[in-house]
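The values are calculated or read from the model by the stated rules, or taken from the named source; none is laboratory data. The shown structure was predicted, so the numbers you read here are calculated from the model rather than taken from an experiment. Cβ: placed from backbone, ideal geometry, glycine included. Neighbour counts: every protein chain shown. Surface areas here come from the heavy atoms of the whole protein model, side chains and all, with no ligands, DNA or RNA. Shrake-Rupley method; radii C 1.70, N 1.55, O 1.52, S 1.80 Å.
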Amino acid sequence: MPTKRVAAWLREHPVAADGALAVLLAVISLIALFVRAPIEHLPPPGPLAVLLVLLVTLPLTWRRRHPLWINLGVGAVSAVYGASPYPDLVTPVALGGVVALYTMVAWCGRTVSIVVGVLTGLSVAVVSLVPATDSDLLDVVFTTLLLAGAWVLGDSARIRRAYTAELEARAELLARERDFEARRAVAAERARIARELHDVVTHHVSMMVVQAEAGPVLAERDGEAAERTFDTIAGIGRQAMTEMRRLLGVLRDEDPPGEGPAGEGPAGEGAFAPQPGLAQVPDLIDQARRAGVHAELQMDGRSGPLPAGVDLSAYRIVQEALTNVVKHAAGARVRVRVRHTDRDLHIEVHNEGSFTGIGPTGGIGRDQHVMHGQDRDGAGGQGLIGMRERVNLFGGELTAGARRGGGFAVVARLPIGGPR
């Protein structure tokens, strides 16, 4: 664990890491200088030799900040040291020069690296001809192979780093695109819900107008009937206000586009068609059966009227769930259960097959609705995104995921009667 922390610290502080490497190479080179001088029967190294060793190693502290200039400077000093009557520093060519060449190739472009590599080869050839170096063919071959190996390793490191950077850029781009698609899907679904609630509110207001126009006539003929009429107007008005608050809540959360796909705008085809509800769920079951799904429907609890928005959202949730079963688990057995209570509407769709696809929006597949004749919105749904938006609209709950015994389950709870 301490080793990992040290490595992480060195990655975060590259200058300190390169400085430590430069000091280490300087110490090794100075030790080699003073040890090999008496072995090769040379005079003790003087200040000039020590200065050349330090100039070959210590500038490597800034090797990644200025790779080209550090390599040119260190390479020039290495050539001067090689032409001087001093002993080799571990290898025929100074280690600082090898590291500088590797860094330059790893961090500079291919063209610059080739040019500097050729100049380095010429420098080795020229220095080897200086009589003071006393170089033989073995020294020249070893030096050439060492520098060529540094060049190849540096080029491989540059390619690998460029490839990694490209992968990271692609991953970042895909993440941005995924986030954009998710936001677009949410906005499109909210726009769709808003259009549906707009139709519901319009229906309520139209009923209020009709009842209000008939009110004065009934007031003259039958006072009790007139009273019931105005009570009906008040009830419809309260429902319209509730749906209007939900509609404004959808629009306030996020401004959706002015129009959806073709034919889905306020004036699109089917804009004035009646919105479906739980009464049409048996039709969905029949269509799923015709698509090859063994579907069963169970409806429990009271059978009183539901708020229009809840009725519509419940239908859409069942529709989305059945659609994904048809697309991803064709031939499976699915059980739909709708249960009424005094306060909530519970919807359960259990698929006993194996789901084969996961949708790009993070849901259970891109939807292709089962309904065709009565679904005016076509394939505008977005899987779990649409279900979750509808449930959140009423302050309900939604869970969806794989079942332990296999298959997939969608469970939703929609409060009845409470505004958002």
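For the reader, a short list of remarks on this structure follows.
- Look at the range 93-113: where a residue is over 20 Å from V80 (Cβ atoms) and open to solvent by less than 20 Å² (accessible area, probe 1.4 Å) and a partner is acidic (D, E) and in a helix (DSSP H, G or I), sitting 6+ places away or on another chain with Cβ atoms under 7 Å, you get V105/D155; S113/D155.
- Residue within the range 134-143 that is modelled with pLDDT of 90 or more, hydrophobic (A, V, I, L, M, F, W, C), in a helix (DSSP H, G or I) and open to solvent by less than 90 Å² (accessible area, probe 1.4 Å) present: no
- Pairs with Cβ under 9 Å, 6+ apart, first in the range 139-160 and in contact (Cβ under 8 Å) with a residue 40 or more places away in the chain, second among the aromatic types (F, W, Y): A150/Y102; W151/Y102; L153/Y102; G154/Y102; G154/W107; A157/Y102; A157/W107; R158/W107
- Any hit, the range 342-353, residues being modelled with pLDDT of 85 or more, touching a Pro at 6+ places or on another chain (Cβ under 9 Å) and open to solvent by less than 10 Å² (accessible area, probe 1.4 Å): yes
Table: residues versus (1) within 30 Å of V112 (Cβ to Cβ); (2) outside any helix (DSSP H, G or I); (3) open to solvent by 50 Å² or more (accessible area, probe 1.4 Å); (4) modelled with pLDDT under 70.
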site: G154; (1), (2), (3), (4): yes, no, no, no
site: R158; (1), (2), (3), (4): yes, no, no, no
site: E168; (1), (2), (3), (4): yes, no, yes, no
site: L173; (1), (2), (3), (4): yes, no, yes, no
site: A182; (1), (2), (3), (4): no, no, no, no
site: V186; (1), (2), (3), (4): no, no, no, no
site: V201; (1), (2), (3), (4): no, no, no, yes
site: M208; (1), (2), (3), (4): no, no, yes, yes
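- Scanning the range 68-88 for any residue that is buried (at least 20 other Cβ atoms within 10 Å of the Cβ), free of Cβ contacts under 8 Å to residues at least 60 places away in the same chain and among the aromatic types (F, W, Y) turns up at least one such residue.
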